[in-house]
1. Over region 271-333, consider all pairs of different Cα atoms and compute the Kirkwood hydrodynamic radius from their mean reciprocal separation; express it in Å, one decimal.
2. Leaving ligands and nucleic acids out of the surface, order ASP210, ASP187, ASP140 by accessible area at 1.4 Å, largest first.
3. Any idea what Rg and Dmax come out to for region 200-245 if you just take the C-alpha atoms, in Å?
4. Rounded to the nearest 500, what is the chain's calculated 222 nm mean residue ellipticity when only DSSP H runs of at least 4 contribute -39500 (n - 2.57) each, over all residues?
5. Roughly speaking, to the nearest percent, how much of the chain's 1.4 Å accessible area is carbon and sulfur?
6. How big is region 60-147 along each principal axis, measuring the range of its Cα positions in Å and listing the largest first?
7. For the chain, which cysteines have no disulfide-compatible partner, meaning no other cysteine Cβ under 4.7 Å?
8. Per-residue HN-Hα couplings for region 388-395, Karplus 6.51 cos²θ - 1.76 cosθ + 1.60 at θ = phi - 60°, whole Hz, x for Gly and Pro?
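The values are calculated or read from the model by the stated rules, or taken from the named source; none is laboratory data. As the structure is a computational prediction, the values presented were derived from the model and not from experiment. Cβ sites come from the backbone with ideal geometry, for glycine too, and all protein chains shown count toward neighbours. Surface accessibility is based on the protein's heavy atoms, side chains included, excluding ligands, DNA and RNA. Shrake-Rupley method; radii C 1.70, N 1.55, O 1.52, S 1.80 Å.
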Amino acid sequence: MAFQAPKGVSEYVPPRSALFEEAREAFATSARRACYGAVETAVFEDTALFVRGVGESSDVVSKEMYSFADRGGREITLRPEFTAGVLRSLLEHNLHKGALPVKVWTSGPAFRYERPQAGRYRQFYQFDLEAIGTEDPAVDAETIAVAWDAYQSLGLRQYTLLLNSLGDKTCRPVYREALQKFLRALDLDEETRQRIEINPLRVLDDKRPDVRAQLANAPVMTDYLCAECKAHYDTVRALLDDLGIPFTDAPRLVRGLDYYTRTTYEFDHALLGAQSGIGGGGRYDGLSEDIGGPPLPGIGFAVGLDRIVLAMEAERAAAGTETTPVACQVFGVPLGAEAHADVLTLMTNLRRAGVNADMAFGARGLKGALRAADRSGAAFAVLIGAEERRAGTVSIKDLKTGDQQDVAAAQATDWLIERLGTQ
Ligand code: HAM
């Protein structure tokens with residue numbers, strides 16, 4: 001049998017890949033508008049970076065990493081997320097010694113050994129954005145607004161923003177202890193009891209109904225915030241109000257990675273079932289020091305492009321507005337082998353002038369070539385045969401109306417550009 005991709009790998013081919021591009025581009029456009037610069041960073045890193053950065057007690061590090069020794073015996077891990085690697089890169093390139101904050105975005109595959117299901121993959125794609133070097137709550141709100149506007153520009157509406165604060169190194173330990181005290185008194189299995197000691201906040205995330213019922217009165221971080229963290233959180237909330245971005249306070253929102261401090265958030269989509277998280281992020285004011293850098297606050301988010309594609313499909317299907325992406329504007333049809341050169345030249349000239357143009361390849365009959373033209377979504381087909389070549393013309397067919405007319409070959413590019421511009 002022919003090879004198949006390894007289990008859990010998410011892939012995109014046309015036509016669906018157009019949705020993927022659209023999603024990534026929407027986030028890149030939103031990030032560029034807020035003056036975030038692009039970075040490309042390592043897909044694999046020293047395993048220790050993630051152990052120290054993301055945290056040993058997180059599921060991601062303890063159960064889900066693709067780790068191996070390379071041929072030189074180095075301990076390597078395929079990135080399960082971008083933040084630790086992006087920060088490592090910015091420190092390595094000394095960007096933190098220049099003007100702050102450093103604002104960057106990137107996108108690409110990430111890898112987690114999870115149980116694959118709809119919306120959850122082992123190779124998946126994130127768009128990631130980070131702002132490093134300021135504690136200003138305005139940048140917290142800015143990152144949220146960049147994500148919010150990107151979702152909006154994709155036409156997504158059925159999602160909510162969940163917001164929480166996880167406090168800092170002053171107030172979190174006090175809360176942690178209060179939570180542990182509460183949790184130790186509950187009727188829980190051995191594994192969960194161990195989690196209380198290692199990472200009690202994760203217990204709040206337990207999905208089992210019997211555990212959830214017992215957690216109803218658990219203390220929440222927002223009741224334990226120190227004055228600075230509370231002021232920071234209140235400012236972020238007020239800024240979101242100013243920006244017209246609705247949010248839900250989610251005092252039990254805990255994120256799956258250990259580096260978070262203060263502001264944390266998640267975007268949840270209503271039509272995606274179990275894997276409803278279409279993005280999430282927050283502050284990581286201690287991460288730089290955790291990975292051996294100087295004290296340097298930071299905040300950012302990542303969105304799952306795979307889940308955004310699913311959300312786009314779900315919302316567009318519900319609204320009956322599925323659109324076939326129009327990749328092609330003009331489609332060239334050579335009638336006879338001699339016309340191929342003329343058609344390819346005309347298509348190339350159109351492309352150089354910024355028009356998306358394709359043509360029929362191989363020895364196709366007129367009918368087959370026109371079918372291909374229709375399928376391409378182009379507005380116009382340009383037919384060139386022996387007669388046109390003799391007369392120095394091309395025959396242009398409007399594929400919507402069916403009207404056909406001859407145009408001088410030398411004028412064809414300008415003629416098409418003008419008509420496309422006024423469509
Ligand atoms: P995360 O919540 O682990 O955060 O992942 C962000 C998003 O990636 C999720 O909301 C989800 O859409 C998507 N995602 C995660 N795992 C999978 C998977 N197995 N299959 C498909 N999609 C997935 C982070 O990764 C942080 N680094 C975000 C961040 C940036 N925090 C600060 N800066």
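1. Working: mean 1/r = 0.0644 Å⁻¹.
Answer for region 271-333: a Kirkwood hydrodynamic radius of 15.5 Å.
2. Details: ASP210 100, ASP187 125, ASP140 0 Å².
Result of the area sort, largest leading: ASP187, ASP210, ASP140.
3. In order Rg, Dmax, the Cα atoms of region 200-245 give 14.7, 40 Å.
4. Working: 16 runs with 160 residues, N = 423.
Rounded to the nearest 500, the figure is -11000 deg cm²/dmol.
5. Numbers: 10650 of 20690 Å².
Solvent-exposed carbon and sulfur of the chain make up 51 percent of the total.
6. The Cα atoms of region 60-147 stretch 38, 37, 21 Å along their principal axes.
7. CYS35, CYS229, CYS328
8. Calculated HN-Hα couplings, in order: 4, 5, 5, 7, x, 10, 10, 10 Hz.
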